[in-house]
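The values are calculated or read from the model by the stated rules, or taken from the named source; none is laboratory data. The model shown is predicted, which means the values in this text are computed figures rather than measured ones. Don't worry about glycine lacking a Cβ; one is built from the backbone with ideal geometry, like all the others, and counts go over all protein chains shown. Remember, those area values only see protein heavy atoms, side chains included, never the ligands or the DNA or RNA. Shrake-Rupley method; radii C 1.70, N 1.55, O 1.52, S 1.80 Å.
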Amino acid sequence: MTLSQLKKHFSDSLLEIYTDSESVFIFHIFAEHILDLNNFQQKQSADLELSDENINKFQQIISELKTGKPYLQILGETEFYGMKIFVDENVLIPRPETEELLEIAIQKISNLKSQISNLKIIDIGTGSGIIPLVLKKHFPEAEVTSVDFSKKALKTAKKNADFHQLEINFIHADYLSLELNKNFDVIISNPPYIGIDEENEIADSVKEFEPKMALFSPTSDALIFYRRIIEDSKKHLNEKGLLFLEINQKLGLETLELYNDFSKAELIKDLSGNDRFIFGIK
Ligand code: GLN
């Protein structure tokens, strides 16, 4: 089978799940990964005869994709903020909104950094580790702590930290009952914020394949993490410390209200125009 025949077979097999252009996009990613050919080289190699081993690899990928599994989970890696990040079924696939959150955070922390030398940052609900890793990369002298309830997610986060040789202080704990024992200059979090009542609005591929624990609030209160974070901000965020939160777009004002005591707290929209972030200064 040639590369162009395989490409056609790939799209034809996935007609029920992906449009033609989606299949082509996904095919190119796997072809680059398995055959080590970039897009341009793939175009030049339409008649390349493939080995049985490689054909089998693609067959395996097609069967997995047919189950509705997200292609990045099958690939096992993605790119986030210019960094290679390993992903699996135990962590949320990084979302573009979280890149926006980090863009805001990096800009604001840079201002704070000129005033504080040994910055202490805590990230709540780390998942694959994207938030602490990007921050540690940008602020190498900062002491970055990260909490997650899932041991399996932490294993993936550590793998990512090792890959990038970044030192993060990972803590395995249930944040909702964790007593912090020190103060921080920055609190940042993208906690599970989807309400249980919103479950039917979430795509099946997300619900079936991504960790529910990372998506849905553990109780009927969709703001439970945000309430706990406000308690910790009172006790463990230094004066003038910064807060960065990714939030449920439907609960913008309700979430913002929790941070009334901050000297500044603002709601920021994401690129799609939804209320998505809170930035606060204590
Ligand atoms: N933004 C994610 C989604 O819509 C949810 C992330 C979260 O709950 N923190 O899938």
Just wondering, is there one or more residues in the range 234-241 that are open to solvent by less than 60 Å² (accessible area, probe 1.4 Å) and within 16 Å of the ligand (Cβ to nearest atom)? no
By residue number, the members of the range 198-228 that are assigned to a helix (DSSP H, G or I) and touching a strand residue (DSSP E or B) at 6+ places or on another chain (Cβ under 6 Å) are LEU215
Exactly one of PHE30, PHE40 is among the aromatic types (Phe, Trp, Tyr) and either buried (at least 16 other Cβ atoms within 10 Å of the Cβ) or in contact with an Asp or Glu (Cβ under 6 Å, 6 or more places away or on another chain) (or both), and that residue is PHE30
Of those in the range 191-222 that are small (Gly, Ala, Ser) and within 9 Å of the ligand (Cβ to nearest atom), the residue nearest to the chain's Cα centre (by Cα) is ALA214
Among residues of the range 200-215 being of a type outside the set (A, V, I, L, M) and open to solvent by 70 Å² or more (accessible area, probe 1.4 Å), the residue nearest to THR98 (Cα to Cα) is LYS212
Per the list (1) over 22 Å from the mean Cα position of the chain (by Cα); (2) closer than 30 Å to ILE74 by Cβ; (3) among the hydrophobic types (A, V, I, L, M, F, W, C), residue check on LEU258 breaks on (2)
Quiz item: Quick check, is VAL144 part of a strand (DSSP E or B) and either more than 11 Å from the ligand (Cβ to nearest atom) or open to solvent by less than 70 Å² (accessible area, probe 1.4 Å) (or both)?
Solution: yes
Check whether at least one residue in the range 183-197 is open to solvent by less than 50 Å² (accessible area, probe 1.4 Å) and in a helix (DSSP H, G or I), and report yes or no.
no
Flagged pairs (Cβ under 7 angstrom, 6 or more apart or on separate chains; first in the range 231-242, in contact (Cβ under 8 Å) with a residue 12 or more places away in the chain and over 17 Å from GLU257 (Cα atoms); second open to solvent by 30 Å² or more (accessible area, probe 1.4 Å) and in a strand (DSSP E or B)) are LYS240/ILE281
